[in-house]
1. What 222 nm value per residue comes from the helices of the chain, counting each DSSP H run with n ≥ 4 as -39,500 (n - 2.57) and dividing by all residues, nearest 500 deg cm²/dmol?
2. State log₁₀ I(q)/I(0) for the chain at q = 0.12 Å⁻¹ as given by the Debye formula over alpha-carbon point scatterers of equal weight, solvent excluded.
3. I'd like the carbon and sulfur percentage of the solvent accessible area for the chain, probe radius 1.4 Å, heavy atoms only, ligands and nucleic acids excluded.
4. Quick check for you: with a 1.4 Å probe and neighbouring chains kept, what is the accessible area per residue of region 1-83, in Å²?
5. Using a simple spin-label model with points 7 Å from Cα along the Cα→Cβ vector, what separation in nm is obtained for N52 and R11?
6. Tell me, in nm to one decimal, what length is gained between K70 and E21 on full extension, where the rule is 0.36 nm per residue of separation less the Cα-Cα distance?
7. Can you give the local net charge around R69? Use residues other than it whose beta-carbon is closer than 11 angstrom to its beta-carbon, Lys and Arg +1, Asp and Glu -1.
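The values are calculated or read from the model by the stated rules, or taken from the named source; none is laboratory data. The shown structure was predicted, so the numbers you read here are calculated from the model rather than taken from an experiment. Quick reminder, even Gly has a Cβ in these numbers, built from the backbone with ideal geometry, and neighbours come from all protein chains shown. Just the protein is used for accessible areas: all its heavy atoms, side chains included, with ligands, DNA and RNA removed. Shrake-Rupley method; radii C 1.70, N 1.55, O 1.52, S 1.80 Å.
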Amino acid sequence: GNDDWIKFEQRFNLAHNNYLERLKSEYPELTSTDLRFCAYIKLEFSNLEISNLLNLSLRGVETARSRIRKRLKLHRKQQLIHFLQDL
């Protein structure tokens, strides 16, 4: 549930230099759901793993990834995972 996410987010930020806070401040249009996706993508979770974690269809995960790419203003050739890992 939400408590699990809050614990995960705190540990993730500790381990990754306040990554989600930095991402949110650089890209304020990202929602809390987008940030959750970004954390899982950065950790190299597959679309299937993300869909299972968030109880979404694979199509729902692909749609979310597309929405995040737009909010990050990525070029078509830029890979989301590489962008998130390099940030």
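1. -21000 deg cm²/dmol
2. -0.33
3. Working: 2800 of 5790 Å².
Ligands and nucleic acids excluded, carbon and sulfur give 48 percent.
4. Working: 5550 Å² over 83 residues.
Ligands and nucleic acids excluded, the result is 67 Å² per residue.
5. 1.7 nm
6. 15.7 nm
7. +4
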